[in-house]
Each structure stands twice: as C-alpha cells, then as structure tokens.
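To start, the structure under review is shown below, and the notes come after it.
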Amino acid sequence: MQLQTQIKIKKEQPQIDYSSKVLLLGSCFAENIGKKFLYHQFQQLQNPLGILFHPFAIERFSQRVVQQNEFTPKDIFQYQEIFSCFEAHSRMNALSEEKILQHLNSALTETFQFLKETSHVIITLGTSWIYRHLEQDKYVANCHKIPQKNFSKELSSVSEIEKSLRNTIGYIQQLNKNCEFIFTVSPVRHAKDGFVENTRSKSHLITALHQIVEKENQLHYFPSYELMMDELRDYRFYADDLLHPNQVAIDYIWERFQETWLAEECFPTMKKVQQIRQGLAHRPFNPNSVAHQKFQQKLQQQIELLQQQFPLMKF
C-alpha cells in the first residue's frame, strides 16, 4: 500500500562536495538549507544582507556586489532611532549611520570575494508581491515596520520576474561564468497576502523560473515547494502557525536535496561531522570524571584528524 505521492528528482551534475563553495540567497527557506550546509561544515555563504523575498531584491543585491557599488548615506534612513536600509533585511539595522554602512558594505565585500570562487548559487524565491515606497518611488526589499500608508503593493508579472532573474544571472556571470544556479521556490505560504493571493504569487514565480530553466544550461530547478505541497501535504509537517515547514519537513526536503545534489563521497564525512557536533554538545553529569576526560581526548583527536583533511573546518 502506498500512502504518499513521490516526486521523482533526477541526480544533478556537477555535484556539491567539500571543495565546493555554495552561495545561498533568498527567502527564509534558503536559510534553513544554509544551516544544513553550515552544520555539516561545507563552504557556504548565506544571505549576506539578510532574507530577501522578492526577485527584484536579489537582482539589486547581485548588481551591487558585481559592480562593487557601495552603500552611502543616501541609501539608508532613520526611523524610531534605528538606521535601516530598504535594500536589506532588518538584521542589518544599527543604532548609528556609521555602523549600518559598515555592516552593509562588509557584506558586499565578503560576497564579492566569495562569489568569484563560488561553484553553486542557490536562489530561493519567496513571493511575487512587492512594495513600492511612494515618496522615493522605488521597490523595497523590506518595509522595516514603516506604516503601510507609505507604500503601494504590487504583484509582479511573470515577464517582470523572468527579466529580473535573467538580470541576476547576468550580473553573477560577469564575475563567475562557471557557477551553477539552483533555483527553488519557498514552501512557506504568505498568509498575510491572502491564500488566493499567495497561490497567484507562487504561480508567477514557478512559471517565470521554468521559462528560464528550460532554455539555459547551468540553470536548475529543485522542487522544494512541490515536495511540501505534494509529498508532505499534511499539517503534521507544519509548524504551529500552520504556514512554515516544521523541522521534520525541513529535514526531509534536505534529504531529498542531498540525494539530488550532494556527492556520495561526502556522506561519510558528513556523518563524522555530525558525530563530533553531538559530542561537543554533550553535557556530562561529572565533567571531571576520568571517563569524560578520555571522551574529550578522543573527540579532540577526531577533530584534528578531520581538520587535517579539511583545514577550513572549525568546531
């Protein structure tokens, strides 16, 4: 008896291994996958400006990085004693102009250096809905809790999204012609937009992506959204808000991603990393016991052996 529909996903090439460098951009689901890469000690960089939900925001960030167009005081504003930037997530906010510019421009520099050697760029799109700041007449990546009356809300068309995605690809390829692009759509439903509106939004993203992926090399689609909607179509796979995937769902989608994109020779190393992390997280009843001292010595030996093979690993 089969109690679950199965999405067939073919093995992709070139695969990700411990020599790969992975740049992750986009929605909060990109960060969920990024945390998996980080946990297993892959070389990765995720959302340097914070979560970016809309293709336009990712395009603008890519343009700044590649053109090395630094942020200046005209790109930031102060609201309720906090300095923010409409192109970045609120986690970049600061209490001084100097500090936020330092955060923003450090992110650009770090991404520029990383992108030159990136092997895979993973972009997770969250929504087609975008807000335009009325006074400045420009789209924003984040409203930073400024009153709604200061913005107009728009649904980007399929053609607008497709053009934006092509621009993003073009900018990145100016700096790195050899990297692979893995696109996916976030399985998180944006209920605040409305459920019908969320469906329209996701459909625009999916349609635009497939119009690109079907025509170009080095462009791939991974069905995160479809895995959630079809294989995991049960509320036991959702968090308490009934909108976000819970940890079981995230782990499952990560497993399917591993099967698709990760080189099999990585798996033994990933298992060793996991064992070390579990050992480091262990809290003994008696830290001074002989048994625990031997356990720590053995754990340190395992770390040193792994770092000899992969010097960039840090525990």
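The table for this structure:
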item	result
Set Ser106, Ser96: member being over 19 Å from the mean Cα position of the chain (by Cα) and either of a type in the set (Ser, Thr, Tyr) or closer than 17 Å to His54 by Cβ (or both)	Ser96
Every residue from segment 89-148 that is assigned to a loop (DSSP other than H, G, I, E, B), within 25 Å of Phe195 (Cβ to Cβ) and of a type in the set (D, E, K, R)	Lys145
Residue selected from segment 172-208 under the condition aliphatic (A, V, I, L, M) and under 23 Å from Thr260 (Cα atoms), by the criterion modelled with the lowest pLDDT	Val188
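Residue-wise test of (1) touching a Phe, Trp or Tyr at 6+ places or on another chain (Cβ under 8 Å); (2) free of Cβ contacts under 8 Å to residues at least 60 places away in the same chain.
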{"position": "Phe29", "(1), (2)": "no, no"}
{"position": "Gln44", "(1), (2)": "yes, yes"}
{"position": "Asn47", "(1), (2)": "no, yes"}
{"position": "Glu59", "(1), (2)": "yes, no"}
{"position": "Lys74", "(1), (2)": "no, yes"}
{"position": "Phe83", "(1), (2)": "yes, yes"}
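The values are calculated or read from the model by the stated rules, or taken from the named source; none is laboratory data. Worth saying up front: this structure is predicted, and the values here are computed from it rather than measured. As a convention, Cβ positions derive from the backbone with ideal geometry for all residues, glycine included, and neighbour counts pool all protein chains shown.
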